[in-house]
Amino acid sequence: MTSKNPLNINVPRNHELLYGTHTCVAALTHRHQAPQQVYATTKAYEALKHILAQKNIRPLLTTHEALTEETQSSAHQGIALVCLAKPFPALQETLAKLPERATILAIDSIEDTQNFGSICRSAAAFGVNALLLTKTSLPGGSHWKKVASGSLEHISLCLVTNMAQTLAEIQKHYFWCVGLAEQGESAQHPLTDSRVAFVVGGEHKGIRPLVQKKCDFLMRIPTNPRFSTLNMAHACSVVLSQRFNSLTTNSS
C-alpha cells in the first residue's frame, strides 16, 4: 500500500534517518541489525527489491513528495530508512587496530556539510584508516550522510574533544602529523614507509594555531599561482590520492 499522507517518521533515541540510494544500500548491506523501517517510492522499490528481499524487508511505499517533506531534501532518490545509529569508536580502540603504514585524516574544524560528506567519500576511496573530527564540528541532520554516499560504512570516524591533545596522542603511536597549509614548506610528504596523519583546518581560517604547532611540518599543494586556493574537500582528495598511490606503488 502506498501512503499519500505525511509520513511523520519517528527517529528513536540512538537511531538515525538515512536517505539516498548508495547510503541506504550500504547500510542495508554492511550493518548487522535490520532497519526499523524502510520507506520507498514505487520506482525505488522496483530498482532495489532484490536487495530488500534478501534482507526480508517490506518497505512502506510512499511518494516522492512525502519523502521530500520528511527528509527536507529532494535528493533522497526515493528511499529512506530509520536504523540504529552507527557508533563512533573510541580513539584508543581505533589506534590499537591500525596497520603499520596507516593513514589518518584529522579535521580540526568544518562548517560545510557538503564538504564533510565529500571528505568522507575521499577517505573511503583512498584507504584512510581513521577519520578524526572534533565533537563540536560534527554536522547535524542527515544531508552530509547522503553526500557521503555510503562511505561511512568503510571508515572509522572518531570524535575527539581536543584536536591538539589528540595529535600529541597519535604521535605516541609513531604517526607523523602533516598539516595542509598554503604556507607549507614542502609540496609533498616523503613519508611513504611511515604512519601519517594529515591535518586539515576549517574552511575560513585553516588549521588553528595551537593545532598547527602540534604538526611535525606543513605541506602545501602545488597549484596555479594565479589561483592557489583549493576547497578543503578537494585538497583532501589530492593528498589522500597521492598517499594512496604511493602506498600502492611501494607495496607492489
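What percentage of all Cα-Cα pairs in segment 24-140 are separated by more than 18 Å? Every Cα pair in segment 24-140 considered, those over 18 Å come to 63 percent.
When the P(r) of the chain is calculated, the portion above 33 Å amounts to 27% of the C-alpha pairs.
The trypsin sites (Lys or Arg not before Pro) found in segment 80-175 that occupy coil by DSSP, while having at most 10 further C-beta atoms within 10 Å, are LYS172. Atom-type composition of the exposed protein surface of segment 37-188 places 49 percent of the accessible area on carbon and sulfur (1.4 angstrom probe).
In the chain, helices alone account for a calculated mean residue ellipticity at 222 nm of -10500 deg cm²/dmol, with every DSSP H run of four or more residues adding -39,500 (n - 2.57). Since only THR62, HIS234, HIS32 are under comparison, the one whose Cα sits farthest along the positive direction of the charge dipole of the chain, derived from C-beta charges on Lys, Arg, Asp and Glu, is HIS32.
Note that the chain presents 53 Å² accessible area per residue, ligands and nucleic acids not counted, probe 1.4 Å.
Electrostatic bookkeeping for MET232 treats Lys and Arg as +1 and Asp and Glu as -1; over the other residues with beta carbon under 15 Å from its beta carbon, the sum is -1. The angle separating the long axis of helix 232-251 from the principal Cα axis of greatest extent in the chain is about 70 degrees. Multiplying the residue separation of ALA53 and GLU111 by 0.36 nm and removing their Cα-Cα distance gives an extension gain of 17.0 nm. Between segment 32-71 and segment 103-163, the alpha-carbon centres lie 26 Å apart.
Distance distribution note for segment 207-252: the fraction of Cα pairs above 14 angstrom is 65%.
Residue order by solvent-accessible surface for PHE227, PHE244, PHE126 is PHE227, PHE244, PHE126, largest first, with ligands and nucleic acids left out and a 1.4 Å probe.
Compute the angle between helix 42-54 and the longest alpha-carbon principal axis of the chain, please, reported from 0 to 90 degrees and rounded to the nearest 10. That helix lies at roughly 80 degrees to the long axis. Gaussian network model of the chain, Cα springs within a sub-10 Å range: biggest mean-square fluctuation belongs to which of THR103, THR229, THR113? Answer for the Gaussian network model of the chain: THR229.
The C-alpha radius of gyration of segment 133-252, expressed as a fraction of 2.2 N^0.38 Å, stands at 1.11.
In this view, the solvent-accessible surface of ARG195, computed with a 1.4 Å probe and all protein chains in place, comes to about 40 Å². Judged by the gyration tensor of its Cα atoms, with axes a ≥ b ≥ c, segment 90-175 is oblate; a/c meets the 1.5 cut and b/c is at least as large as a/b.
The values are calculated or read from the model by the stated rules, or taken from the named source; none is laboratory data. The shown structure was predicted, so the numbers you read here are calculated from the model rather than taken from an experiment. We place every Cβ from the backbone using ideal geometry, glycine too, and count neighbours over all the protein chains shown. What goes into the accessible areas is simple: the full protein's heavy atoms, side chains included, and nothing from ligands, DNA or RNA. Shrake-Rupley method; radii C 1.70, N 1.55, O 1.52, S 1.80 Å.
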